[in-house]
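Novice: Okay, here's the structure, questions in a sec.
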Amino acid sequence: MTSCAEPPAPPAPSGASLWRHRDFRRYLTGQTASVAGSSITQMALPVLAVVHLDATTAQVAWLAFLGQLPPALLALLAGALADRYSKRRQMITSDLVSAAVLTTVPVSAALGTLTLSQLMVVAVVQGAASGLHDAAAISLLPSLVDRSLIQRGNSRVGALFAIAATAGSHLGAALTAVLGPGRALLGDVASFLISAGCTARIQAREPARARPKNGRLRDEIGEGLSYVFADDRLRVLTLVNATTSFALGLLNTLWALYLLRTLAVSATAFGVLLGLGALGAAAGALAAPALARRWGPGPMMLTALAITPLTQIPLLLASPGLAWQIAIGAALFLQLACAGAAGTTQRSIRQIVTTAGMQARMQAVSTWLTAGSRPVAALLAGGLGTWIGVRPTLTAGTFLLLVPFVVLARSPLRALRHMPDRPPTSPRTGRDPVLSPLARGTAPPAVPTPARPEDDRHDRSPGGDAT
């Protein structure tokens, strides 16, 4: 993991690369470190529970469930808080809470007092802190870069996040082997501190927040829901996210079990397959702006959603053997490349068309639906897998991947040829009433708009959302 500490640099000249923009680089460094650190915990925590605390299968499932539940329950509240208060302060506070609660695990392990109940409490607290952090982090990006650079920024973020997640998993495995799973978690603690430090060093001012008419967060949450579902573009893309997340949640619940047990894939080969998937996600995210310019965002996303179910065919037809493992690896690369390209593009569209004062709540609605669908999908996968078998359940999940394709194909977005230019304007003033001074042009944009034709400027692009 890297540090964001670096000497001050002069403002980026017009047309400068995003990599030369200090605030974007600090944001990217901190969030990439956080993703890598989270992958360390995802690797080390189950080992700690199973090997050192003799957790049963049901207890391991509960540990995973408790970690996933808070983001789903708190998504709407987290978005409302991020739109009402400082996003950077919410990110820093969440990082410090996560670091503090996670530190208790290696300390308790060293003292011999660690219990499974403590791990579950840590999972709940960290899950809640992560939900609050992510709601603010995702919605902060549009205030750091000019709107014409949102797709390019998301492209860089998506690619580095995919690589960081895989690197963090490998680092977690190495730290677990060398230091033990308890001490390995200190790597994630360090990542939270790096993330907080980098966020604190971001200098760009956040958009001015409109004073709420009353102090009730419930009303602001309701405004976010109404805002998303009243806009055809936001509604369609949010439903695409939610249905994709549900289908992938069902498939991912049984994917590893099917590969390791039914297809007899070795642990080494399994790791290689995961690495290929991460490379595919990074490649898709990086290629998204160029693909969107060439084919149009709508046709590109529609094609990606059409290809995704086809990538499941090698898995469904496979039998044990190297040839099938290669086929599955190639299909996984293609699947996650499609996910990276479509995911970064749809997120960019949603951020571009959303006014500054609604960014976090807009994202929170998507997170709420996608995160909430995963536990339901996991329970359905378990029930179907027991009732009709693993392979038929994976087949059902493959057919569910057709649903987001149909949702997008039935909407006008399927023919979108250019990235949207700006959010809706006020009918009285002709401009967005809650845009920041940067977006309104009263101060230089955080990243200057490149000197290119207007149609060529719309190029920019984590979850699931898969999220």
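The values are calculated or read from the model by the stated rules, or taken from the named source; none is laboratory data. All values reported here derive from a predicted model rather than from experimental measurement. Heads up, the Cβs are rebuilt from the backbone with ideal geometry, glycines too, and the neighbour counts pull from every protein chain shown.
Novice: Restricting to the range 180-220, what's the tally of residues that are surrounded by fewer than 21 Cβ atoms within 10 Å (Cβ to Cβ), within 30 Å of THR354 (Cβ to Cβ) and at pLDDT 85 or above?
Specialist: Number of matching residues: 3.
Novice: Now, a different point. Cβ-Cβ below 8 Å, separation at least six or inter-chain, first residue in the range 85-106 and within 21 Å of PRO142 (Cα to Cα) and of a type in the set (Lys, Arg), second assigned to a loop (DSSP other than H, G, I, E, B) and at pLDDT below 95: which pairs?
Specialist: LYS87/GLU206; ARG88/ILE202; ARG88/GLU206
Novice: Scan GLY131, GLY127, GLY158 and give me the residue that is small (Gly, Ala, Ser), closer than 13 Å to MET91 by Cβ and touching a Leu at 6+ places or on another chain (Cβ under 9 Å).
Specialist: Of GLY131, GLY127, GLY158, the one residue that is small (Gly, Ala, Ser), closer than 13 Å to MET91 by Cβ and touching a Leu at 6+ places or on another chain (Cβ under 9 Å) is GLY131.
Novice: Also: Does VAL105 satisfy the criteria of being outside any helix (DSSP H, G or I) and surrounded by 22 or more Cβ atoms within 10 Å (Cβ to Cβ)?
Specialist: When the stated conditions are applied, VAL105 does not pass them.
Novice: Can you tell which of LEU263, LEU250, LEU257 is buried (at least 23 other Cβ atoms within 10 Å of the Cβ), farther than 20 Å from GLY158 by Cβ and at pLDDT below 90?
Specialist: So the residue among LEU263, LEU250, LEU257 that is buried (at least 23 other Cβ atoms within 10 Å of the Cβ), farther than 20 Å from GLY158 by Cβ and at pLDDT below 90 is LEU250.
Novice: For a quick check of your reading of the model, give me the residue pairs whose first member lies in the range 144-157 and is among the charged types (D, E, K, R), whose second is modelled with pLDDT under 75, with beta-carbon atoms closer than 6 Å and at least 6 apart or on different chains.
Specialist: Close Cβ pairs (under 6 Å, with a partner that is modelled with pLDDT under 75) amount to ASP146/PRO445; ASP146/VAL447; ASP146/THR449; ARG152/ASP459; ARG152/ARG460.
Each row is one residue, and each column tells you yes or no for (1) farther than 25 Å from GLY224 by Cα; (2) assigned by TED's automatic domain parsing to the domain that holds HIS133; (3) surrounded by fewer than 24 Cβ atoms within 10 Å (Cβ to Cβ).
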site	(1), (2), (3)
GLN359	no, no, no
ALA364	no, no, no
GLY372	no, no, yes
LEU380	yes, no, yes
GLY385	yes, no, yes
ILE388	yes, no, yes
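Novice: When you go through (1) of a type in the set (A, V, I, L, M, F, W, C); (2) in a helix (DSSP H, G or I); (3) at pLDDT below 85; (4) closer than 27 Å to ALA337 by Cβ one by one for ALA177, which number turns out not to apply?
Specialist: (4)
Novice: Mind telling me which of the residues LEU73, LEU48 ends up being surrounded by fewer than 18 Cβ atoms within 10 Å (Cβ to Cβ), modelled with pLDDT of 75 or more and in a helix (DSSP H, G or I)?
Specialist: LEU73
Novice: Pick out the one residue from ALA290, ALA281, ALA264, ALA242 that is in a loop (DSSP other than H, G, I, E, B), in the same structural domain as VAL365 (by TED's automatic domain parsing) and of a type outside the set (Lys, Arg).
Specialist: ALA264
Novice: Which of the following residues is of a type outside the set (A, V, I, L, M) and part of a loop (DSSP other than H, G, I, E, B): PRO299, PRO320?
Specialist: Working: PRO299 fails: part of a loop (DSSP other than H, G, I, E, B).
None of the others qualify; the one that does is PRO320.
Novice: Report every pair of residues separated by at least 6 positions or lying on different chains whose Cβ atoms are under 7 Å apart, first residue within the range 226-248 and more than 13 Å from GLN363 (Cα to Cα), second surrounded by 19 or more Cβ atoms within 10 Å (Cβ to Cβ) and basic (Lys, Arg).
Specialist: Within 7 Å, the pairs are SER245/ARG374.
To keep it simple, each residue is scored yes or no on (1) farther than 30 Å from HIS52 by Cα; (2) surrounded by fewer than 21 Cβ atoms within 10 Å (Cβ to Cβ); (3) aromatic (Phe, Trp, Tyr).
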{"site": "ALA109", "(1), (2), (3)": "no, yes, no"}
{"site": "VAL121", "(1), (2), (3)": "no, yes, no"}
{"site": "GLN126", "(1), (2), (3)": "no, no, no"}
{"site": "ALA137", "(1), (2), (3)": "yes, no, no"}
{"site": "LEU149", "(1), (2), (3)": "yes, no, no"}
{"site": "GLY158", "(1), (2), (3)": "yes, no, no"}
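Novice: Just for helices (runs of 4 or more DSSP H) wholly inside the range 387-453: which have at least 1 residues that are at pLDDT 90 or above?
Specialist: Numbers: elements: 390-400, 402-409, 437-440.
Passing ranges, in order: 390-400, 402-409.
Novice: Another question, if that's okay. Checking the conditions here, which among ALA128, ALA100 is outside the structural domain of GLY357 (by TED's automatic domain parsing), under 17 Å from the mean Cα position of the chain (by Cα) and small (Gly, Ala, Ser)? Walk me through how you get there before you give the answer.
Specialist: Values: ALA100 fails: under 17 Å from the mean Cα position of the chain (by Cα).
Only one candidate qualifies: ALA128.
Novice: Still on this structure: Would you say SER155 is at negative phi and either touching a His at 6+ places or on another chain (Cβ under 9 Å) or modelled with pLDDT of 90 or more (or both)?
Specialist: So SER155 does not fit the description; no.
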